[in-house]
Amino acid sequence: MFYHKKQLQYFTPPDRPDPVYAKKLQELIGGPMGEMTVMMQYLFQGWNCRGPAKYKDMLLDIGTEEIGHVEMLATMMAHLLDKAPIKMQEDGAKDPVVGAVMGGTNPRDVIMAAAMSPKHTIVSGGGGMPEDSVGVPWNGRYIIASGNLLADFRSNLHAESQGLLQAVRLYEMTDDAGVKDHLSYMIARDTMHQNQWLAAIEDLQSEGFEEMVVPKIAYEYGKKEAAYQFWNNSEGEESSEGRWAKGTSMDGKGEFEYVANPQPLGPVPTPPQPDPRLHGTPSSPAMQKTSDAAPNIVDGISQAVEGVGETIKRTIIGG
Ligand SMILES: [Fe+2]
């Protein structure tokens, strides 16, 4: 069950409406790294969690907090879009040519109107929308919920890192004291959340669930001789100067090796020639069969289906 509190987690109204900034702020709501993404990501990870109760509870704590962050930004959007779009439409209406098209009479109004999202007036009536700053709708494919907590917690650290980067850029794009104060709180929460995922990763490993490489079965399946080699696959050897190129590997199970001049381990590829029924280009014209010689692909498929049907019948009936 979810229970909604009427108060916002934190809120400072903007000093003045700003529909152009509102369009930019959409990125933090419905962009790939926005609040809707972390909200759905943490909630699905929590709902799907079969691990110890502390992880499930923590995921649902933070997922629910993120619902509140979407709410905080949606509320901010309503203030940023307050009256401004309508005023611009009114101003625009005074000019018979420019006004009708752009919604403004002086150059500043024209630029402002062009920079606004028309959907904030036409579609949402002055409210935030579940989409990014250029109107791309939020998409469930942005989220990760794999069932493996270490893989997921690393995705969460990534999401919080990219999200905070974008929040900081948006903080620097405005001089509105109200917006800055509001974002200052959200930036602090993202700071906690990066710390939280780093702590969760450490906690999970110290409990013995995972090692450095996830999933740990990779140590059994993977070819050990290739597991700690760095391949220098581009000109220059500056990459040899990094930590990844020397010393004990991060999982402590190997030594990093810098392969300065890597050589292929496999042969030149010789893929099978195309089935003539698919009319692909073979390696020589002589191998291209005429349509007379090649059976019709539809007939071929129906023959194959009939064959499968016969096999099933024989298997079930024993005929
Ligand atoms: Fe958040």
Note on residue 62: of the conditions (1) at pLDDT 70 or above; (2) crowded, with 19+ Cβ neighbours inside 10 Å; (3) not assigned by TED's automatic domain parsing to the domain that holds residue 160, unmet is (3)
Name every residue in the stretch 233-245 that is under 29 Å from the mean Cα position of the chain (by Cα) and polar (S, T, N, Q), in order of residue number.
233, 234, 239
Go through 293, 304 for me and flag whichever is of a type in the set (Gly, Ala, Ser), at pLDDT below 95 and either under 30 Å from residue 146 (Cβ atoms) or not in a helix (DSSP H, G or I) (or both).
293
Test result for residue 19, away from the ligand (no atom under 14 Å from the Cβ) and touching a Gly at 6+ places or on another chain (Cβ under 6 Å)
no
Selection from the stretch 226-255 of residues that are within 28 Å of residue 202 (Cα to Cα) and part of a strand (DSSP E or B)
229, 230, 248, 255
So which residues in the stretch 24-70 are farther than 18 Å from residue 137 by Cβ, within 12 Å of the ligand (Cβ to nearest atom) and aliphatic (A, V, I, L, M), if there are any at all?
62, 67
Expected single match for small (Gly, Ala, Ser), more than 16 Å from the ligand (Cβ to nearest atom) and more than 30 Å from residue 254 (Cα to Cα) among 163, 178, 208 is 178
Filter result for residue 135 (in contact with a His (Cβ under 9 Å, 6 or more places away or on another chain) and not aromatic (Phe, Trp, Tyr)):
no
The helices (runs of 4 or more DSSP H) lying wholly within the stretch 103-201 that contain at least 2 residues that are of a type outside the set (A, V, I, L, M) and under 22 Å from residue 30 (Cβ atoms) are 119-122, 149-172
Name the residue, out of 226, 200, that is among the small types (Gly, Ala, Ser) and surrounded by 14 or more Cβ atoms within 10 Å (Cβ to Cβ).
200
Output the residues belonging to the stretch 256-268 that are in a loop (DSSP other than H, G, I, E, B) and either under 19 Å from residue 219 (Cα atoms) or touching a Cys at 6+ places or on another chain (Cβ under 9 Å) (or both).
256
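The values are calculated or read from the model by the stated rules, or taken from the named source; none is laboratory data. Note that the structure is predicted; figures quoted are calculated from it, not measured. Backbone-built Cβ (ideal geometry, glycine too); neighbour counts: all protein chains shown.
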